[in-house]
């Protein structure tokens with residue numbers, strides 16, 4: 001086990017660290033904003049007038065993406081359901097609304113196929129993963145993205161050898177902050193939640209850590225704008241403040 005130091009806060013007896021992906025390890029803001037805009041434009045081409053409400057629902061305001069908004073922290077399924085609700089408000093049946101949204105999302109995917117290449121790791125990500133691995137601390141990545149996309153990101157940026165277990169959110173009925181997600185990862189890593197530190201950028205990650213009884217939660221607040229920093233055990237704006245003591 002190791003001691004993790006984060007801006008003066010020490011987390012002792014840490015056997016594993018579980019990271020979120022998008023917004024924590026991966027700089028995905030630009031990609032997600034572009035994807036949301038493409039989805040909204042495609043739907044607006046069929047249903048004029050829905051683009052702006054959809055962008056608001058996704059958490060996109062002009063050239064910025066809300067790091068705590070639907071697009072940033074929600075699963076694909078949650079984004080589909082939210083979009084379909086707006087389409088249904090135009091008088092279309094629920095079945096038709098869902099079909100239109102899924103078709104638009106699939107078409108948007110075809111324009112932005114290379115998500116892994118377009119979401120680079122934040123500066124210092126590999127250094128932190130390497131330090132944890134060298135100290136014998138197990139590493140997990142638990143994301144609201146699909147498992148396939150998590151694995152593609154790690155492989156694309158040559159980080160997979162540091163990570164012991166990856167887990168996406170592939171079931172529509174099992175999403176953050178359901179503690180079962182983290183408990184399953186702990187079981188796979190063969191560690192107790194009480195010896196696991198969770199690192200993420202959203203309130204969903206914080207609640208996940210609390211609900212599962214994790215040793216603590218570290219907020220990666222890259223933009224310095226998260227509204228719930230006081231609820232986190234530690235808040236960082238750079239990986240240089242994340243220290244591993246074997």
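The values are calculated or read from the model by the stated rules, or taken from the named source; none is laboratory data. As the structure is a computational prediction, the values presented were derived from the model and not from experiment. Quick reminder, even Gly has a Cβ in these numbers, built from the backbone with ideal geometry, and neighbours come from all protein chains shown.
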**Study point:** Enumeration of residues in segment 31-81 that are within 14 Å of the chain's Cα centre (by Cα) and closer than 21 Å to residue 219 by Cα
**Key:** 32, 65, 66, 67, 68, 69, 70, 71, 72, 73, 74, 75
Review point. Residue 158 versus (1) part of a loop (DSSP other than H, G, I, E, B); (2) over 18 Å from residue 22 (Cα atoms); (3) at pLDDT 95 or above: which is the lone unmet condition?
Key: (2)
Exercise for review: Determine whether residue 147 is within 12 Å of the chain's Cα centre (by Cα), surrounded by fewer than 18 Cβ atoms within 10 Å (Cβ to Cβ) and either at pLDDT below 95 or under 25 Å from residue 228 (Cα atoms) (or both).
Suggested key: yes
Exercise for review: Could you grab me the full set of residues in segment 43-79 that are touching a helix residue (DSSP H, G or I) at 6+ places or on another chain (Cβ under 7 Å), surrounded by 20 or more Cβ atoms within 10 Å (Cβ to Cβ) and in contact (Cβ under 8 Å) with a residue 60 or more places away in the chain?
Suggested key: 43, 72, 73
Review point. In the list 182, 208, which residue meets the criterion of being under 17 Å from the mean Cα position of the chain (by Cα), assigned to a helix (DSSP H, G or I) and over 23 Å from residue 80 (Cβ atoms)?
Key: 182
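Just for segment 110-126: of the residues that are free of Cβ contacts under 8 Å to residues at least 60 places away in the same chain and part of a helix (DSSP H, G or I), which one is surrounded by the most Cβ atoms within 10 Å (Cβ to Cβ)?
Let us first name the residues in segment 110-126 that are free of Cβ contacts under 8 Å to residues at least 60 places away in the same chain, namely 110, 113-114, 116-117, 126.
Filter again for part of a helix (DSSP H, G or I), leaving 110, 116-117, 126.
Working: 110: 8, 116: 18, 117: 12, 126: 16.
Once the filter is applied, the top-ranked residue is 116.
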Practice item. Of the conditions (1) closer than 25 Å to residue 208 by Cβ; (2) touching a helix residue (DSSP H, G or I) at 6+ places or on another chain (Cβ under 6 Å); (3) surrounded by 14 or more Cβ atoms within 10 Å (Cβ to Cβ), residue 98 clears all except one; give me its number. Key: (1)
Review point. Looking at 141, 150, which one is part of a helix (DSSP H, G or I), under 13 Å from residue 20 (Cβ atoms) and in contact with a strand residue (DSSP E or B) (Cβ under 8 Å, 6 or more places away or on another chain)?
Key: 150
Exercise for review: Please specify each residue of segment 215-246 satisfying the condition of being free of Cβ contacts under 8 Å to residues at least 40 places away in the same chain and either outside any loop (DSSP other than H, G, I, E, B) or out of contact with any helix residue (DSSP H, G or I) (no Cβ under 8 Å at 6 or more places or on another chain) (or both).
Suggested key: 217, 219, 224, 229, 230, 231, 237
